[in-house]
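Have a look at the structure below, then the notes.
Read-outs throughout are calculated quantities, based only on the coordinates presented, and are distinct from any laboratory measurement. Every value quoted in this text rests on a predicted model; they were computed, and no experiment measured them. Positions of Cβ are backbone-derived with ideal geometry, glycine not excepted, and every protein chain shown enters the neighbour counts.
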Amino acid sequence: MSETFNLNTRTTVVTDTPSFKMTIKVNDIKSPPNLKAIYFIREEFDLKGEQINSSTYEFFLTPDELKSVATALATV
């Protein structure tokens with residue numbers, strides 16, 4: 001993993017409730033240097049707090065593409 005990614009992971013928890021958690025993680029890519037690996041992680045939990053489902057959606061975006069996504073989400 002360290003051959004592809006810089007180990008500069010940034011994590012933001014978007015929502016965290018007893019039944020659902022959404023986290024966004026960002027890693028820098030070594031080549032091309034302006035590319036970011038973005039992970040949207042969705043987790044679901046049962047009434048006991050045990051994880052029952054999860055999905056990770058991975059995207060590779062440039063800073064300009066990231067800004068477009070952020071702008072689109074901010075205007076919803």
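Quick one: net charge around Pro18, please, counting Lys, Arg +1 and Asp, Glu -1 for every other residue with C-beta under 14 Å from its C-beta. Each step should come with its number before you reach the end.
Working: positive: Lys21, Lys48; negative: Asp16, Glu43, Glu44, Asp46, Glu50.
So the environment of Pro18 carries a net charge of -3.
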Relative contact order as a percentage, the chain, C-alpha pairs under 8 Å and 6+ apart, gives 22 percent
Which of (1) 1.05; (2) 0.97; (3) 1.25 gives Rg/Rh (Cα atoms, Kirkwood Rh) as computed here? It is (1)
Measuring from the longest principal axis of the C-alpha atoms of the chain, the long axis of helix 63-74 (C-alpha) lies at a number of degrees, nearest 10, equal to 40 degrees
Looking only at aspartates and glutamates whose Cα falls under 16 Å of Lys21's and that sit 8 or more positions away or on another chain, we get Glu43, Glu44, Asp46, Glu50
If each K or R counts +1 and each D or E counts -1, the residues other than Phe59 whose Cβ falls under 13 Å of its Cβ total 0
Any lysines whose Cα falls less than 22 Å from that of Lys25, other than same-chain ones fewer than 8 residues away, would be Lys36, Lys67
Mean-square fluctuation maximum in Gaussian network of the chain, Cα pairs under 10 Å, restricted to Lys30, Lys48, Lys21, hits Lys48
